[in-house]
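Notes follow once the structure below has been shown.
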Amino acid sequence: MNWLKEQNYKSPNKRFINDLTFHEVYERVTDLAGKLSSYVKTERRVAIYSNNSIDMALFFLALQLLGKEVLMLNTHLTDSEIKRQLEFTKVQVVFSDDEKFICFNKVYQSENKNIKLIEEFEAESIVVIMNTSATTGKFKSVPLRWKQFSAHVRASRKSIGVTTKDNWLLVLPMYHISGLTILMRSLFNGTQITILEKFDEEQVLTLIERGIINMISIVPTMLNRIIERIEKHKLRVVLIGGEFIPKALVEKSIMRNIPIYKTYGMTETTSQATTFSVLEYPQKIDSVGMPLENVDILIENPDENGVGEVLLKSLMLMDGYIGKKNIAGYFNTEDVGYIDKDGFLNIVARRTDIIISGGENIYPKEIENILYTHPLIDECAVVGHNDEKWGQIPILYVVSTLYEHEILEYISNKLAKYKIPKKIIYLEELPKNSVGKILKRDL
């Protein structure tokens with residue numbers, strides 16, 4: 001099924017991307033596909049290098065009508081990183097929002113060739129390729145197909161619902177799966193999105209308080225910057241994920257009646273794998289929710305408390321990384337967690353984040369959760385450093401005006417002695433990626 005063609009037929013006058021209707025988007029995208037054809041005629045795979053914009057969305061959709069596999073390049077990459085990714089994925093043609101590659105504006109000024117466009121999106125066809133570094137620093141290329149996006153939009157719709165008034169704020173980069181799936185969900189559901197180039201507190205607050213948007217996907221560092229300034233809203237869903245979510249932040253959201261939906265997923269699973277409404281299940285605040293439809297989660301090698309490696313399989317799971325063997329059965333997320341008696345998944349830590357000190361397992365998330373309950377802790381991260389005596393020791397990196405002894409006093413009676421950070425390092429800001437996720441490997 002060609003989702004864009006279907007929505008143009010069903011709801012031509014309904015707004016889709018900002019103020020553009022589905023019909024206007026369809027007309028622009030089909031025209032753009034004709035202009036793009038001479039650039040990509042012999043290419044199976046091309047790339048987009050751009051920050052969020054209406055043009056970026058139109059180029060992505062136009063390339064789908066041409067049946068191209070689209071590599072989404074992170075605009076924060078260095079030139080050498082871009083070169084490595086293009087060489088590995090064998091991409092020779094790149095379109096960009098500036099003059100770095102083939103500029104969007106140059107394509108718009110090209111001649112429109114009358115060509116045959118894709119009528120049906122084939123389930124096995126690759127839609128997009130996204131490179132993920134996970135925790136290793138070495139990228140892996142994730143190809144996602146129409147069958148995975150189809151499964152995702154249906155499962156997500158069942159989990160969080162859909163209304164005719166939905167207008168989803170797209171502020172997360174579309175070169176990340178959490179941003180791109182907003183476009184894909186809204187295209188499938190026939191609902192509106194509002195694209196912002198980047199997260200701007202004042203713009204976001206204005207859109208929320210004027211009731212222009214009622215749905216938003218966001219990461220904790222972003223929500224933390226605006227949560228106490230939201231006075232009124234018509235929000236239906238605030239989907240929050242992408243990293244460790246401080247319990248204190250979720251509690252603030254509950255107090256303000258913000259409809260938080262915690263979610264857990266990754267590029268390899270086409271975003272969401274579990275989701276739940278915190279307002280409906282406040283007793284499950286520590287979890288990341290129930291598996292979405294057709295998602296099966298297995299805890300492998302559990303300890304006496306049921307904590308083990310989180311494995312999953314689903315219709316949304318990629319077939320396999322480019323250049324590597326396809327996945328047979330379950331996929332190891334490299335997270336550690338457990339499933340409670342009600343079927344809610346709880347993530348304890350990334351496997352690589354666990355600190356083993358003197359034979360004891362230390363889970364940084366537990367320490368960070370306690371620290372974030374203090375109003376003067378702006379940002380924090382606990383990581384393990386090698387130690388001759390203990391093997392590893394916990395080190396705290398923090399953004400705070402508190403003195404070291406004040407931090408230690410605050411946590412000393414809340415944690416076992418071996419969990420107390422052995423050193424505290426103050427920073428003005430913790431290192432983050434382009435969506436605001438704290439990068440522990442850089443610490």
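A few points about this structure:
- Residue in region 98-120 that is buried (at least 21 other Cβ atoms within 10 Å of the Cβ) and either at pLDDT 95 or above or on the phi < 0 side of the Ramachandran plot (or both) present: no
- The listed residues are K414, K419, and the only one of them that is at pLDDT 90 or above and either more than 25 Å from L239 (Cβ to Cβ) or among the β-branched types (V, I, T) (or both) turns out to be K419.
- Residue that is under 23 Å from I245 (Cα atoms) and either surrounded by 15 or more Cβ atoms within 10 Å (Cβ to Cβ) or not aromatic (F, W, Y) (or both), where the choices are D319, D335: D335
- Residue match in region 85-92 (condition: touching a Ser or Thr at 6+ places or on another chain (Cβ under 9 Å) and within 28 Å of L20 (Cα to Cα)): no
- The residues of region 1-30 that are without any contact (Cβ under 8 Å) to a residue 40 or more places away in the chain and part of a loop (DSSP other than H, G, I, E, B), listed by number, are P12, N13, D19.
- Residue count, region 64-97 (criterion: charged (D, E, K, R) and under 20 Å from L180 (Cα atoms)): 3
- Filter result for V128 (in contact (Cβ under 8 Å) with a residue 40 or more places away in the chain, under 19 Å from I17 (Cβ atoms) and not assigned by TED's automatic domain parsing to the domain that holds E268): yes
- The residue that is farthest from N413 (Cα to Cα), counting only those in region 368-392 that are in contact with a Lys or Arg (Cβ under 6 Å, 6 or more places away or on another chain) and among the β-branched types (V, I, T), is V383.
Conditions tested, residue by residue: (1) more than 20 Å from the chain's Cα centre (by Cα); (2) crowded, with 18+ Cβ neighbours inside 10 Å; (3) within 24 Å of E293 (Cβ to Cβ); (4) without any contact (Cβ under 8 Å) to a residue 24 or more places away in the chain.
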{"position": "Y175", "(1), (2), (3), (4)": "no, yes, no, no"}
{"position": "S186", "(1), (2), (3), (4)": "no, yes, yes, no"}
{"position": "F199", "(1), (2), (3), (4)": "no, yes, no, no"}
{"position": "E228", "(1), (2), (3), (4)": "yes, no, no, no"}
{"position": "I240", "(1), (2), (3), (4)": "no, yes, yes, yes"}
{"position": "I245", "(1), (2), (3), (4)": "no, yes, yes, no"}
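- Residue identified as exposed (fewer than 15 other Cβ atoms within 10 Å of the Cβ) and touching a residue at least 60 places away in the same chain (Cβ under 8 Å) among G358, G391, G436: G358
- Filter result for the condition that a residue is out of contact with any Asp or Glu (no Cβ under 7 Å at 6 or more places or on another chain) and not in a helix (DSSP H, G or I), over T263, T206, T181: T263
- Residue selected from region 368-407 under the condition assigned to a helix (DSSP H, G or I) and within 24 Å of the chain's Cα centre (by Cα), by the criterion farthest from K419 (Cα to Cα): N369
The values are calculated or read from the model by the stated rules, or taken from the named source; none is laboratory data. It should be emphasised that the depicted structure is a prediction, and the values quoted were computed from it without experimental measurement. All Cβ positions, glycine included, derive from the backbone under ideal geometry; neighbour counts span all protein chains shown.
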